Amino acid sequence: MLFAAKPSRRLRSGGGLLALGIVGLLAPAPTAAAAPPQILEAWASGVFTTTARVHGRINPNGLASTYRVEYLSRSAYEANLAAAKEPFAGASRAPSVSDLPLGSGAVPVTVQLQLSSLSPETAYRYRLVARNSSGTEVTAALPLQTHGVGGPALPDDRGWEMVSPVDKNGGEVAAPGTIAGGGVLQGAAAGGAVTYGSSASFGPDAQGAAIASQYLATRTAAGWVSANITAPLYSSSYASDGEGTPYRIFSEDLARGLLLSGERCRGEGSECPVANPPLPGTDAPAGYQNYYLREGPTYTALLGAANAGFLALEPSDFELRLTGYSPDLRHPVLSSCAALTADATEAALGEGCDPAQQNLYRYAQGQGLTLVNILPAQSTGTPGAVLAAQSGAVSADGSRLYFTLGGNLHLREGAATKQVDAAAGGGGSFETASGDGQVAYFTKAGHLWRYLAAGAGAATDLTPGGGVLGVLGASADGAVVYYLTAGGLFRWHSGATTKVADAADASNYPPATGTARVSADGTKVLFLSSASLTGYDNKDLLTGAPDTQVYLHDAGSGLICLSCNPTFARPLGPSGVPGAIANGAAPGSIQTYKPRALAAGGRRVFFESRDALALSDTNNSPDVYQWEAQGTGSCTRAPGCVALISEGHTTGGSSFADASADGADAFFLTGGSLVPSDPGGADLYDARIGGGFPVPSPPIACNGDACQPLPSEPVDPTLTTLIAGPGNPAVRYPKVRKRCKKGYVRRRGKCVRKKVKRRKAAKERKGGR
């Protein structure tokens, strides 16, 4: 508790120069003139259904000061304003009787007050008031919103479904990045299916697997069923130093998966071939590093007999790397310094080729590999090419690929190549492209350029003033693009530029790997920012540093903060969405897949938060939340609703894994047991709209004799069991005796009169004399 300092005693009048000198020596150094107290900041925390805490930092400014909090419902506050009354007329106060003492110091003091008897699910306005003899200081009206009393029901009639099997052979589902620095966890765009990995092989018939087992889970009427789709490859043929798992990526519908045949050497030395033999049914050359495209039960080698004739390197000197692909995975792009086609050129280095001089090859089913890096007016390839980006640089049908060579950006379209950045003088950096590859965006020296592939190709500088820091993404047709400068986040559309927000974090870009998402129609952008963009207090309650929040901008309705605490309390930690997930930590590892945090249409968002945005979130760990716009699902509030998707109690929290395109399936990882059949461990769950499977009825508990085991089955009769025995002895019952009447006793089975002693009897005859 804070107390005011005792006032110093006054000197008596007179006393001479000596007394004045002593006082002068003992007096403190002169301070600034006393003034009204200064409230530096005020904030709320610990908001529940009927209580909340209000904090503040107040400088008494050298005078004995006091403080209090005034609060009232938002409706009452607005009614006062409408009636031209003092806004806090009739407000409640804490403490209820008299203000609390603050002291008379000259440094800021942190204070805290508890508000009680609040109404559930009610908006309030509060202000902090401090005063001393020089005046009164008040804050502006600050918002506060109490939680509702409803239970932790999932929104949209969702139900938890355990996707991974109960029997995991002592293992658990692995989070991306935890198996050799990688792993694949990816949901089907249409929902009802998801693929995931584990370092263990599940089930009673578990077998060893190469670094990781990969599973494809599909939903049935009775529950989720996981099938092991691990290829028959040697575990020892994969390095464990950050190269990731054999499966590299899957198509959006999970119908196709691409996997690596193995590392070039198993560890005996630097010059040895891949140990795995070619997969059955493929024409892969033995010993060479290769990729296989899995479609159902069949595998196709990307490097097959059609290309093997051009292999000038020994298997021990040959390396192949996946560098990009079309979304349907029908057109993967591979990189190798080797000449795999007749028109490719190999830059020699010693007995092999120069790994810094790579060639790019596009695969198409039925065609094999074709060379990409052929410059304009050339008929043979020029090595040293790099795919412009691991995602976004290959069109949906694989007909257009953007790549860099010699410091310039090029487009390979069919059998022709165009220089994309010629208008900028070369040196452009690819950012993103439309789905069909007709429109591309690149940057150079802080300028954002838009390239149109039609005809001879033309590029336009969208930012003549420069200053572009990064590009967050573009619409599917390339008509809209979002970019960041020091002045804020901007949206360009059809020649018009509009400001979206004052700031955004650097983690949002580049488009291939950043955390930002753009809706297909370009009307919405999801991004992260550690700046307070919408008036919410984003200072961390414990550290005081700004916490990152999740924002959504709608071109029609403006900017909203999705992860800002709906109670207006200070956050307990940051919120965010994942960027592209890397399958491997080694240089050159594929990093392309972005979980669907933004649902199609942009009206539903999934994110993680360390803050407790719901009353049922009590674990002080990251948990998975959903935001949806008013009119979507079960949300009826403007501008939208935030709800907990994971359960919020598990130690360690939960992490968002992926979602279906429409958001009906929301997959997350948790160590909690959310259904009765879950025995524990890390599992994959689906919070599915209309989901949940019937829980089996528990066995009827036994009571008393009902707990005894059932008798064994009777033995069939034999000759010995049919022989009659002596039988049981006769039952003997005890005789029942009648009681004798008063004055009689039983003698030898009969009632007889009692014998009275002679002296007593004589006395009775004489009348008691």
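The values are calculated or read from the model by the stated rules, or taken from the named source; none is laboratory data. The model shown is predicted, which means the values in this text are computed figures rather than measured ones. Cβ placement follows ideal geometry from the backbone for every residue including glycine, while neighbour counts extend to all protein chains displayed. Side chains included, ligands, DNA and RNA excluded: accessible areas come from the protein's heavy atoms. Shrake-Rupley method; radii C 1.70, N 1.55, O 1.52, S 1.80 Å.
Points worth noting:
- Rough spin-label spacing in nm, given labels placed 7 Å along Cα→Cβ, for A415 and T497: 4.2 nm
- Couplings 3J(HN,Hα) of segment 462-475, computed from phi: 7, 10, x, x, x, x, 6, 8, x, 10, 8, x, 9, 6 Hz, in residue order, whole Hz [Karplus 6.51 cos²θ - 1.76 cosθ + 1.60, θ = phi - 60°; x for Gly and Pro].
- Cα gyration tensor shape of segment 438-539, rounded if a/c is under 1.5, else prolate or oblate by comparing a/b with b/c: prolate
- Global geometry of segment 250-337, whether rounded, prolate or oblate, following the gyration tensor of its Cα atoms and the 1.5 cut on a/c: prolate
- Normalised by the number of residues in the chain, the mean separation of alpha-carbon contacts (under 8 Å, six or more apart) gives a relative contact order of 9 percent.
- Linear extension gain, R747 paired with A531, 0.36 nm per residue minus alpha-carbon span: 66.6 nm
- Cα gyration tensor, segment 303-368 - rounded (a/c under 1.5), prolate or oblate: prolate
- For G640, nonlocal amide neighbours, meaning residues 5 or more places apart or on other chains whose placed amide H falls under 5 Å from its own, are Q630.
- Computed in the context of the full set of protein chains, the accessible area of the chain at 1.4 Å probe radius has 54% of its extent on carbon or sulfur.
- Taking the charge dipole of the chain about its Cα centre, with +1 at Lys and Arg Cβ atoms and -1 at Asp and Glu Cβ atoms, the residue from A506, P587, A388 reaching farthest to the positive side is A506.
- Extension gain for the segment D521 to C272, taken as residue separation times 0.36 nm less the Cα-Cα distance, is 84.6 nm to one decimal.
- Extension gain, E351 to A286: 0.36 nm times the residue separation minus the Cα-Cα distance gives 21.4 nm.
- Spacing of the modelled spin labels on Q378 and S116, each 7 Å from Cα toward Cβ, amounts to 8.0 nm.
- Annotation: per residue accessible area for the chain equals 49 Å², rounded to a whole number [probe 1.4 Å, protein chains only].
- Peptides 280-286, 51-57 ordered by average Cβ neighbours within 10 Å, highest first: 51-57, 280-286
- Summing Cβ point charges (Lys, Arg +1; Asp, Glu -1) relative to the Cα centre of the chain gives a dipole of roughly 10640 debye.
- Structure-based [θ]222 nm, the chain - -39500 (n - 2.57) summed over DSSP H runs of at least 4, per residue, nearest 500: -1000 deg cm²/dmol
- The H on the amide N of Y247, modeled in the peptide plane, is under 5 Å from the matching H of L260, each at least 5 residues off or on a different chain.
- Spatially proximal aspartates and glutamates relative to K168 (Cα-Cα < 16 Å; intrachain offsets below 8 disregarded): D205, D678, D683
- Remark: segment 528-677 carries a charge dipole of roughly 200 debye about the Cα centre, counting +1 on each Lys and Arg Cβ and -1 on each Asp and Glu Cβ.
- Counting only aspartates and glutamates at least 8 places from K750 when in the same chain, there are none with an alpha carbon closer than 16 Å to its own.
- Sequence-distant aspartates and glutamates (8 or more away, or on other chains) whose Cα lies within less than 12 Å of K594: E252, D658
- Cross-link table K499/K539; K444/K539; K444/K499, entries beyond 31 Å C-alpha to C-alpha: K444/K539
- Residues whose amide H falls under 5 Å from that of A582, counting only those 5 or more places apart or on a different chain, are absent, with hydrogens built in the peptide plane.
- Over all other residues within a Cβ to Cβ distance under 9 Å of L572, the charged ones net out to -1, with Lys and Arg as +1 and Asp and Glu as -1.
- Local charge for T443 was computed over the other residues whose Cβ lies under 13 Å away, with Lys and Arg +1 and Asp and Glu -1, and equals -1.
- The simple spin-label model puts a point 7 Å past each Cα toward its Cβ; for A306 and D397 those points are separated by 1.8 nm.
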